[in-house]
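Student: Below: one structure in C-alpha cells.
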C-alpha cells in the first residue's frame, strides 16, 4: 500500500469519526538515542496532506515514517517491510 492508500484511510478515519474512537498511527522517530516508535491518535493529526501529515504544533511527518495504523489490536494498515528489516 502506498501513500495514497494510507492517506485515504486516514481521511476516512477522520471524517467518519472513527479516528476519535481510538485509532492510532504508529510512526518511526529518529533521535540521538536511535530509532523508536511513537503512537499518536488519528485525532491528533492537524492535516492529512499528499506527502504526509502535520501535527498541531506544525511538525510534518512524511508517510514513509508511518509503520502502522491500528484500532485496538486490529491493524488497519501496515507499511511494507524494507529489505533486511523485520
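The values are calculated or read from the model by the stated rules, or taken from the named source; none is laboratory data. Being a predicted model, the structure only gives us computed values, none of them experimental. As a convention, Cβ positions derive from the backbone with ideal geometry for all residues, glycine included, and neighbour counts pool all protein chains shown.
Student: Just a yes or no: is a residue in the range 33-44 within 10 Å of the chain's Cα centre (by Cα) and more than 15 Å from residue 76 (Cα to Cα)?
Tutor: Among the residues of the range 33-44, at least one is within 10 Å of the chain's Cα centre (by Cα) and more than 15 Å from residue 76 (Cα to Cα), which makes the answer yes.
Student: Within the range 74-83, track down each residue that is under 16 Å from residue 8 (Cβ atoms) and part of a loop (DSSP other than H, G, I, E, B).
Tutor: 79
Student: Determine which member of the set 12, 78, 28, 71 is surrounded by 10 or more Cβ atoms within 10 Å (Cβ to Cβ) and modelled with pLDDT of 95 or more.
Tutor: After applying the criteria, what remains is 78.
Student: May I pose another question? Residue by residue through the range 8-29, note down the ones that are touching a strand residue (DSSP E or B) at 6+ places or on another chain (Cβ under 9 Å) and over 20 Å from residue 78 (Cβ atoms). Can you show your working first?
Tutor: Applying the first criterion (touching a strand residue (DSSP E or B) at 6+ places or on another chain (Cβ under 9 Å)) to the range 8-29 yields 9-11, 13-14, 18-29.
Within the range 8-29, just 20 meets the criteria.
Student: Name every residue in the range 31-48 that is out of contact with any strand residue (DSSP E or B) (no Cβ under 8 Å at 6 or more places or on another chain) and loosely packed, with under 14 Cβ neighbours inside 10 Å, in order of residue number.
Tutor: 31, 32, 33, 34
Student: Then there is this: Just need a number here: residues in the range 25-73 that are under 17 Å from residue 15 (Cα atoms) and part of a loop (DSSP other than H, G, I, E, B).
Tutor: Going through the range 25-73 one residue at a time, the tally reaches 2.
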